[in-house]
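A short write-up of the structure that comes next.
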Amino acid sequence: MYTPRAFAETDLARLDALIARDAFVTLITGRDDGTPEVSHLPVRYARDGARIVLEGHWARPNPQARHSGKALAIVHGPHAYVSPSAYPDKAQAARVPTWNYAVAHLHGVLERIEDTDALADLVDRLSAHFEASVGRDWRFEYEDPRLVRQLAGIVGFRLVVERIELKFKLSQNHPRVNQQAVIDDLSTRADSAAHEVAALMRGSIDTAD
(Lines give C-alpha, C1' and ligand atoms only; values in the text may rest on other atoms or scores of the structure.)
Protein backbone atom coordinates (compact mmCIF):
# COMPACT_ATOMS: atom_id res chain seq x y z
CA MET A 1 0.00 0.00 0.00
CA TYR A 2 1.36 3.40 -0.95
CA THR A 3 1.69 5.29 2.33
CA PRO A 4 3.43 8.66 2.46
CA ARG A 5 5.19 9.19 5.78
CA ALA A 6 2.68 11.82 6.90
CA PHE A 7 -0.13 9.25 6.74
CA ALA A 8 1.64 6.25 8.29
CA GLU A 9 0.31 5.14 11.68
CA THR A 10 2.00 2.78 14.16
CA ASP A 11 -0.34 2.88 17.17
CA LEU A 12 -2.02 -0.53 17.24
CA ALA A 13 -4.79 0.87 19.44
CA ARG A 14 -6.00 2.60 16.27
CA LEU A 15 -6.11 -0.79 14.52
CA ASP A 16 -8.13 -2.13 17.47
CA ALA A 17 -10.60 0.71 16.95
CA LEU A 18 -10.88 0.08 13.19
CA ILE A 19 -11.66 -3.61 13.61
CA ALA A 20 -14.06 -2.89 16.48
CA ARG A 21 -15.86 -0.47 14.18
CA ASP A 22 -16.09 -2.91 11.25
CA ALA A 23 -14.91 -6.52 11.45
CA PHE A 24 -16.13 -7.32 7.92
CA VAL A 25 -12.81 -7.59 6.07
CA THR A 26 -11.67 -8.14 2.51
CA LEU A 27 -9.50 -11.28 2.36
CA ILE A 28 -7.19 -11.60 -0.65
CA THR A 29 -5.15 -14.61 -1.72
CA GLY A 30 -3.36 -15.53 -4.94
CA ARG A 31 -4.36 -18.25 -7.39
CA ASP A 32 -1.75 -20.44 -9.05
CA ASP A 33 -2.07 -18.36 -12.24
CA GLY A 34 -1.24 -15.18 -10.32
CA THR A 35 -4.75 -13.71 -10.33
CA PRO A 36 -6.31 -12.72 -6.99
CA GLU A 37 -9.03 -14.57 -5.11
CA VAL A 38 -11.17 -12.26 -2.96
CA SER A 39 -13.71 -12.90 -0.21
CA HIS A 40 -15.61 -10.54 2.10
CA LEU A 41 -15.91 -12.06 5.55
CA PRO A 42 -16.60 -11.27 9.21
CA VAL A 43 -13.66 -12.11 11.46
CA ARG A 44 -12.85 -12.54 15.11
CA TYR A 45 -9.86 -10.38 16.02
CA ALA A 46 -7.40 -11.02 18.82
CA ARG A 47 -4.29 -9.02 19.68
CA ASP A 48 -1.70 -9.77 22.35
CA GLY A 49 0.88 -7.01 22.12
CA ALA A 50 2.06 -7.06 18.53
CA ARG A 51 0.73 -10.59 17.89
CA ILE A 52 -2.50 -10.47 15.89
CA VAL A 53 -4.74 -13.31 14.79
CA LEU A 54 -7.90 -13.18 12.68
CA GLU A 55 -10.33 -16.10 12.59
CA GLY A 56 -13.34 -16.78 10.40
CA HIS A 57 -14.73 -19.27 7.91
CA TRP A 58 -15.63 -19.71 4.27
CA ALA A 59 -18.47 -21.61 2.66
CA ARG A 60 -16.83 -24.89 1.58
CA PRO A 61 -17.60 -24.33 -2.16
CA ASN A 62 -15.69 -21.02 -2.07
CA PRO A 63 -12.47 -21.64 -4.09
CA GLN A 64 -10.52 -19.62 -1.53
CA ALA A 65 -11.35 -22.26 1.07
CA ARG A 66 -8.72 -24.48 -0.57
CA HIS A 67 -5.99 -21.91 0.08
CA SER A 68 -3.36 -21.93 2.76
CA GLY A 69 -0.31 -19.74 2.89
CA LYS A 70 0.18 -16.03 2.32
CA ALA A 71 -2.84 -13.74 2.45
CA LEU A 72 -3.86 -10.12 2.93
CA ALA A 73 -6.80 -8.91 5.03
CA ILE A 74 -7.99 -5.35 4.46
CA VAL A 75 -9.75 -3.63 7.35
CA HIS A 76 -11.91 -0.79 6.10
CA GLY A 77 -12.24 2.37 8.13
CA PRO A 78 -14.40 5.45 7.54
CA HIS A 79 -13.77 7.63 4.50
CA ALA A 80 -15.07 10.92 3.15
CA TYR A 81 -14.67 13.25 0.17
CA VAL A 82 -12.85 16.51 0.93
CA SER A 83 -13.82 19.51 -1.19
CA PRO A 84 -11.13 22.13 -1.87
CA SER A 85 -13.82 24.69 -1.05
CA ALA A 86 -13.24 23.87 2.62
CA TYR A 87 -9.66 25.18 2.63
CA PRO A 88 -9.09 28.82 3.66
CA ASP A 89 -6.09 28.92 1.28
CA LYS A 90 -7.89 27.27 -1.64
CA ALA A 91 -7.22 30.16 -4.04
CA GLN A 92 -3.66 30.97 -3.04
CA ALA A 93 -2.51 27.32 -3.02
CA ALA A 94 -4.66 26.06 -5.95
CA ARG A 95 -6.12 23.31 -3.79
CA VAL A 96 -7.76 20.27 -5.44
CA PRO A 97 -10.28 17.62 -4.30
CA THR A 98 -9.11 14.65 -2.28
CA TRP A 99 -10.39 11.85 -0.06
CA ASN A 100 -9.63 11.28 3.63
CA TYR A 101 -9.76 7.78 5.05
CA ALA A 102 -8.37 5.17 7.42
CA VAL A 103 -7.48 1.63 6.38
CA ALA A 104 -5.34 -1.28 7.56
CA HIS A 105 -3.60 -3.99 5.56
CA LEU A 106 -2.78 -7.13 7.54
CA HIS A 107 -0.36 -9.47 5.81
CA GLY A 108 0.08 -12.98 7.11
CA VAL A 109 -0.23 -16.72 6.68
CA LEU A 110 -3.55 -18.55 6.48
CA GLU A 111 -4.14 -21.85 8.23
CA ARG A 112 -7.26 -23.87 7.34
CA ILE A 113 -9.45 -25.35 10.07
CA GLU A 114 -11.44 -28.47 9.14
CA ASP A 115 -11.61 -30.53 12.34
CA THR A 116 -15.25 -30.72 13.45
CA ASP A 117 -14.57 -29.89 17.11
CA ALA A 118 -12.34 -26.97 16.17
CA LEU A 119 -14.96 -25.65 13.74
CA ALA A 120 -17.68 -25.92 16.38
CA ASP A 121 -15.52 -23.93 18.80
CA LEU A 122 -14.80 -21.33 16.12
CA VAL A 123 -18.47 -20.87 15.21
CA ASP A 124 -19.41 -20.66 18.88
CA ARG A 125 -16.80 -17.96 19.60
CA LEU A 126 -17.68 -15.99 16.47
CA SER A 127 -21.40 -16.10 17.19
CA ALA A 128 -20.90 -15.20 20.88
CA HIS A 129 -18.91 -12.13 19.85
CA PHE A 130 -21.28 -10.84 17.19
CA GLU A 131 -24.45 -11.78 19.05
CA ALA A 132 -23.24 -9.74 22.03
CA SER A 133 -22.61 -6.78 19.72
CA VAL A 134 -26.31 -6.68 18.79
CA GLY A 135 -27.70 -7.61 22.19
CA ARG A 136 -28.64 -11.19 21.26
CA ASP A 137 -27.63 -14.51 22.74
CA TRP A 138 -27.66 -17.26 20.07
CA ARG A 139 -24.95 -19.85 20.73
CA PHE A 140 -23.78 -22.93 18.90
CA GLU A 141 -25.30 -26.01 20.53
CA TYR A 142 -22.65 -28.71 20.49
CA GLU A 143 -25.18 -31.46 21.21
CA ASP A 144 -27.56 -30.54 18.40
CA PRO A 145 -26.80 -32.95 15.50
CA ARG A 146 -28.50 -30.61 13.01
CA LEU A 147 -25.98 -27.86 13.79
CA VAL A 148 -23.04 -30.27 13.86
CA ARG A 149 -23.96 -31.58 10.40
CA GLN A 150 -23.93 -28.04 9.03
CA LEU A 151 -20.27 -27.69 9.97
CA ALA A 152 -19.48 -29.87 6.95
CA GLY A 153 -20.51 -26.91 4.79
CA ILE A 154 -17.74 -24.59 6.00
CA VAL A 155 -13.95 -24.40 6.25
CA GLY A 156 -12.46 -22.32 9.02
CA PHE A 157 -9.34 -20.22 8.83
CA ARG A 158 -6.83 -18.55 11.07
CA LEU A 159 -4.71 -15.68 9.73
CA VAL A 160 -1.56 -15.13 11.76
CA VAL A 161 -0.49 -11.59 10.95
CA GLU A 162 3.17 -11.01 10.12
CA ARG A 163 3.12 -7.43 8.85
CA ILE A 164 0.82 -4.48 9.59
CA GLU A 165 0.25 -1.42 7.43
CA LEU A 166 -1.88 1.34 8.93
CA LYS A 167 -2.76 4.37 6.82
CA PHE A 168 -4.66 7.30 8.29
CA LYS A 169 -4.92 9.95 5.57
CA LEU A 170 -6.36 12.85 7.55
CA SER A 171 -4.99 16.04 5.97
CA GLN A 172 -1.77 15.83 8.00
CA ASN A 173 0.06 17.33 5.01
CA HIS A 174 -1.98 20.55 5.33
CA PRO A 175 -1.52 23.51 7.67
CA ARG A 176 -3.50 23.33 10.91
CA VAL A 177 -5.99 25.95 9.75
CA ASN A 178 -6.91 23.76 6.76
CA GLN A 179 -7.23 20.69 8.94
CA GLN A 180 -9.64 22.47 11.26
CA ALA A 181 -11.62 23.79 8.30
CA VAL A 182 -12.01 20.25 6.93
CA ILE A 183 -13.14 19.00 10.35
CA ASP A 184 -15.74 21.76 10.49
CA ASP A 185 -16.93 21.01 6.95
CA LEU A 186 -17.20 17.24 7.51
CA SER A 187 -19.05 17.80 10.78
CA THR A 188 -21.86 19.65 9.00
CA ARG A 189 -22.68 16.79 6.62
CA ALA A 190 -25.61 14.41 6.99
CA ASP A 191 -23.20 11.50 6.63
CA SER A 192 -22.07 9.40 9.58
CA ALA A 193 -18.83 8.38 7.86
CA ALA A 194 -17.90 12.05 7.36
CA HIS A 195 -18.49 12.60 11.08
CA GLU A 196 -16.25 9.62 11.88
CA VAL A 197 -13.46 11.02 9.70
CA ALA A 198 -13.84 14.39 11.41
CA ALA A 199 -13.51 12.67 14.79
CA LEU A 200 -10.36 10.85 13.65
CA MET A 201 -8.90 14.15 12.41
CA ARG A 202 -9.76 15.83 15.67
CA GLY A 203 -8.04 13.03 17.59
CA SER A 204 -4.93 13.31 15.43
CA ILE A 205 -4.71 17.03 16.07
CA ASP A 206 -5.14 16.52 19.82
CA THR A 207 -2.40 13.87 19.81
CA ALA A 208 -0.03 16.16 17.94
CA ASP A 209 -0.53 19.04 20.40
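Across all directions, the shadow cast by the convex hull of the chain built on its C-alpha atoms averages 14.5 square nanometres. Helix 12-21: angle to the longest alpha-carbon principal axis of the chain, degrees 0 to 90, nearest 10? For 12-21 against the chain, the angle is about 70 degrees. Among the aspartates and glutamates, select those whose C-alpha is under 17 Å from the C-alpha of residue 167, and discard any that sit fewer than 8 residues away in the same chain. List returned: 9, 11, 16, 22, 196. Gyration tensor over the Cα atoms of the range 89-209: the corresponding equivalent ellipsoid has semi-axes (square roots of 5 times the eigenvalues, largest first) of 45, 18, 12 Å. Legend: P(r) of the range 108-177 from all alpha carbon pair distances, 10 Å bins from 0, whole percents, reading 16, 31, 24, 14, 10, 5, 0.
Only aspartates and glutamates eight or more places from residue 90 in sequence, or on another chain, were considered; those with a Cα closer than 15 Å are 185.
Over all alpha-carbon pairs in the range 33-92, figure out the percentage whose distance exceeds 15 Å. Value for the range 33-92 (Cα pairs over 15 Å): 69 percent.
For residue 70, the aspartates and glutamates whose Cα comes closer than 20 Å to its Cα, not counting residues fewer than 8 places off in the same chain, are 32, 33, 37, 55, 111, 114, 162, 165.
Model label sites at residue 133 and residue 118, defined 7 Å from Cα along the beta-carbon direction, differ in position by 2.4 nm. Mean separation of Cα pairs under 8 Å and 6 or more residues apart, divided by the residue count, gives the chain a relative contact order of 25 percent.
Using a cut-off of 15 Å between beta-carbons, work out the net charge of the residues near residue 128 (Lys and Arg +1, Asp and Glu -1, residue 128 not included). Local charge sum for residue 128: -2. Ignoring ligands, DNA and RNA, please state the percent of accessible area on the range 1-139 from carbon and sulfur, probe 1.4 Å. Answer for the range 1-139 is 54 percent, counting heavy atoms of protein chains only.
Of the listed residues 201, 1, the order by accessible area with a 1.4 Å probe, largest first, is 1, 201. Could you state the angle between the C-alpha long axis of helix 116-133 and the longest principal axis of the C-alpha atoms of the chain, as a value from 0 to 90 degrees rounded to the nearest 10? The answer is roughly 40 degrees. As a ratio to 2.2 N^0.38 Å, the alpha-carbon radius of gyration computed for the range 65-121 takes the value 2.09.
Annotation for residue 111 and residue 62: the two label points, set 7 Å from Cα along the Cα-Cβ direction, are 1.9 nm apart. Distance from the alpha carbon centroid of the range 47-79 to that of the range 86-151 works out to 9 angstrom. Pick out which of 38, 161, 134 has the largest mean-square fluctuation in a Gaussian network model of the chain, springs linking Cα atoms closer than 10 Å. Answer for the Gaussian network model of the chain: 134.
The values are calculated or read from the model by the stated rules, or taken from the named source; none is laboratory data. The structure presented is a predicted model; accordingly, all values stated were derived computationally and were not measured. Neighbour counts run over all protein chains shown; Cβ positions are idealised from the backbone, glycine included. These area figures cover heavy atoms from the full protein model, side chains too; ligands, DNA and RNA do not enter into them. Shrake-Rupley method; radii C 1.70, N 1.55, O 1.52, S 1.80 Å.
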